[in-house]
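Accompanying notes for the structure given below.
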Amino acid sequence: MIHAYVFDETFIVLDVNSGSLHVVDEPAYNIIKALEIAHQEDVATRFVPVYGAETVKEVLAEAADLKSNGLLFAPDPRPHNFNNSNTDGAVKALCLHLAHDCNLRCRYCFASQGDYAGDRGLMSKEVGQAAIDFLMHASGNRKHVEVDFFGGEPLLNRPVMQDLVEYGRLRAGEAGKVIKFTLTTNAILLDAEVQRLILDNDLAVVLSVDGRPQVHDRMRPTPSGGSSYRRVMERCAEFVRLPFDKEYYIRGTFTRHNLDFAADVRHLAEAGFDHLSVEPVVAGAGMDYALREEDLPTIMDEYNKLTRYLLERHRQGRPVEFFHFNIDLDDGPCLAKRLTGCSAGTEYLAVAPTGEMYPCHQFVGRPDFQVGSVFNGVEKDTTNMFSQAHIYNKKACLKCWARFHCSGGCHANALAFNGDLLEPYKLGCELAKKRLECALYLKICTTA
C-alpha cells in the first residue's frame with residue numbers, strides 16, 4: 001500500500017508498510033500511483049504516450065529496485081492474525097487526579113468543568129503515596145516510570161503535589177528506578193513558588209492556553225464568567241522566559257468557533273512560545289462548539305495554512321515545534337507501539353482523588369471501567385480488552401494508509417462516539433490523516 005499526495009507542488013509518496021518516504025517528480029508520481037492497481041505492462045502502455053518511452057522505462061526500473069529493497073509496495077510487517085496478548089502486565093505510568101475541582105469553567109471540558117460529574121474534592125497525601133507505592137510494585141522490572149499530575153486543576157492541591165514529588169523521588173531511588181513527573185495546568189496558580197518547584201524537580205509542564213484573547217475567554221472563563229486570558233498569558237510568559245532549561249508545551253483547543261485556528265498558533269508563537277499544540281475539540285453533536293463533518297474542508301485548508309506558516313518560521317531561523325506535526329521516520333516508536341497506540345488500560349492507569357483506578361483519565365468516574373484501587377491493586381484486569389484494540393482488529397484501520405502512525409486513534413473517543421473500542425472516531429481519523437500529510441511535508445522541507 002502507498003499514499004501519494006501533492007503539497008504545494010511537492011510530489012510525495014509514502015510506502016505505508018515500510019514507512020519509506022519518497023519525493024518524486026510528476027511522471028514518477030503518476031506512474032507509481034498506477035502501479036499500485038495495474039500491471040507494469042499496462043502502466044507502460046498508458047504512460048509512454050504521455051512521458052515518452054525513456055522516462056517511463058527509467059521510472060519503472062527505479063520503482064522495481066525500490067520494491068526489491070522493501071522500500072516500495074512493501075509487505076505488511078505483521079500477519080493479520082497478530083496477537084497482542086503477550087504483555088508483561090507491568091504498569092509504567094499513572095495519571096494522578098490531584099483535584100476534582102477547578103478555578104476555571106471551560107465550556108468544552110470533558111471532566112464536567114473539573115468535578116467529573118461527581119463531588120468536588122482533592123486527593124490526600126495518603127492516597128497519592130499509596131498510588132506511588134502501587135506504581136513501584138506494578139512496574140516490575142521497568143526502570144523508567146512516569147507520574148502525571150492532572151485534574152481539574154492540580155495546583156489547587158499544591159502541598160500534596162510537592163509532597164508526592166519528594167516521596168516519588170525517594171521511593172524510585174529505593175527501587176532503583178527513574179521517575180518522571182508531568183504537570184498539566186491552566187496556569188492561573190503558576191506563581192514563582194510553583195515555577196521553582198517545577199525547575200528544581202525537572203517537571204515537564206503542559207500549559208493550557210487556547211490562543212487569541214477572544215478565543216481563549218469564550219471557552220475558558222472564570223467561575224464568574226470573566227476573562228482568564230491576561231492572567232494565564234502573564235504566568236505562562238513568566239515561566240517560559242526563565243533562563244533555565246525546561247520541558248513544556250502550550251496546549252490549546254480549537255472548536256467550531258475558531259476554525260481559523262492557525263491564527264491562534266501564530267498568536268502564541270509571536271508571543272514567544274515555541275512548543276505548541278492546538279488540538280481539535282472532541283464533543284457531542286449537540287454542542288454548539290462541536291466540529292462537524294461539513295467543517296472538514298475548512299479545517300484541512302487551515303492545516304495547510306499552519307504548515308506554511310511553520311515552514312516560514314523555520315526558514316527564518318525561528319522554528320516552532322508543533323506537537324501534532326512531530327514525526328520521526330528513523331527512530332520513532334517500535335512496531336508494537338505503532339500497532340496499539342496509547343497504553344490506556346495496560347501500561348497506563350488513572351487514579352481518582354479517592355484512590356479508584358481507571359484505564360485512563362477520560363474513563364475516570366465511570367463505574368463500569370473502574371479496575372481497582374491504589375490500596376487493593378488491580379481487581380478487574382482490562383489488559384486484554386485494550387491490548388486487543390490494535391489496528392489489525394479494526395476493520396477501518398486495515399484499509400487506512402495512516403494506521404502505523406495514528407495507531408488506531410483514541411480508545412475513549414471510539415467508545416464515546418461508536419460504543420466500540422474497535423471502531424475509531426471517524427472525524428478524528430480524517431484530521432489525523434491530514435496532520436500526518438502536513439507533518440511529512442514539513443519533514444521533507446526541513447530535513448534537506
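See the values below:
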| item | result |
| --- | --- |
| Conditions (1) over 22 Å from Phe149 (Cα atoms); (2) crowded, with 17+ Cβ neighbours inside 10 Å; number of the one not met by Tyr289 | (2) |
| Residue in the stretch 299-320 that is assigned by TED's automatic domain parsing to the domain that holds Val215, among the aromatic types (Phe, Trp, Tyr) and in a loop (DSSP other than H, G, I, E, B) present | no |
| Hits in the stretch 1-19 (condition: within 16 Å of Asn69 (Cβ to Cβ) and without any contact (Cβ under 8 Å) to a residue 60 or more places away in the chain) | Val13, Asp15, Ser18 |
| Residue among Glu437, Glu423 that alone is at pLDDT 90 or above, under 19 Å from the mean Cα position of the chain (by Cα), of a type outside the set (S, T, N, Q) and surrounded by 19 or more Cβ atoms within 10 Å (Cβ to Cβ) | Glu437 |
| Qualifying residue in the stretch 373-387 (condition: under 21 Å from Ala131 (Cβ atoms), surrounded by 19 or more Cβ atoms within 10 Å (Cβ to Cβ), under 22 Å from the mean Cα position of the chain (by Cα) and among the aliphatic types (A, V, I, L, M)) | no |
| Residue within the stretch 254-273 that is within 25 Å of Asp101 (Cβ to Cβ), out of contact with any strand residue (DSSP E or B) (no Cβ under 6 Å at 6 or more places or on another chain) and either buried (at least 18 other Cβ atoms within 10 Å of the Cβ) or touching a residue at least 12 places away in the same chain (Cβ under 8 Å) (or both) present | yes |
| Filtered residue count, the stretch 366-390, keeping only those that are assigned to a helix (DSSP H, G or I), hydrophobic (A, V, I, L, M, F, W, C) and modelled with pLDDT under 85 | 2 |
| Pairs, first on the phi > 0 side of the Ramachandran plot in the stretch 366-377, second basic (Lys, Arg), C-beta under 7 Å, six or more apart | Gly372/Lys380 |
| Residue that is nearest to Leu98 (Cα to Cα) [pool: residues in the stretch 140-162 that are of a type in the set (Lys, Arg) and out of contact with any strand residue (DSSP E or B) (no Cβ under 7 Å at 6 or more places or on another chain)] | Arg158 |
| Some residue of the stretch 357-365 being farther than 30 Å from Asp76 by Cα, part of a helix (DSSP H, G or I) and free of Cβ contacts under 8 Å to residues at least 60 places away in the same chain | yes |
| Some residue of the stretch 181-204 being assigned by TED's automatic domain parsing to the domain that holds Glu166, among the aromatic types (Phe, Trp, Tyr) and closer than 30 Å to His137 by Cα | yes |
| Where Leu203 falls short, out of the listed (1) touching a Phe, Trp or Tyr at 6+ places or on another chain (Cβ under 8 Å); (2) over 30 Å from Lys92 (Cβ atoms) | (2) |
| Cβ-Cβ under 8 Å pairs, at least 6 apart or on other chains, the stretch 189-202 side surrounded by 13 or more Cβ atoms within 10 Å (Cβ to Cβ), far side β-branched (Val, Ile, Thr) | Leu197/Val165; Ile198/Val205; Asn201/Val165 |
| From Ser124, Ser139, residue being touching a residue at least 24 places away in the same chain (Cβ under 8 Å), closer than 17 Å to Tyr358 by Cα, out of contact with any Phe, Trp or Tyr (no Cβ under 6 Å at 6 or more places or on another chain) and not basic (Lys, Arg) | Ser139 |
| Subset of the stretch 235-264 (residues that are part of a loop (DSSP other than H, G, I, E, B) and either touching a His at 6+ places or on another chain (Cβ under 6 Å) or at pLDDT 95 or above (or both)) | Thr255, Leu259, Asp260, Phe261 |
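The values are calculated or read from the model by the stated rules, or taken from the named source; none is laboratory data. Since we're looking at a predicted model, the values are computed, not measured. Using ideal geometry, Cβ is built from the backbone for each residue, glycine included, and neighbour counts are taken over all protein chains shown.
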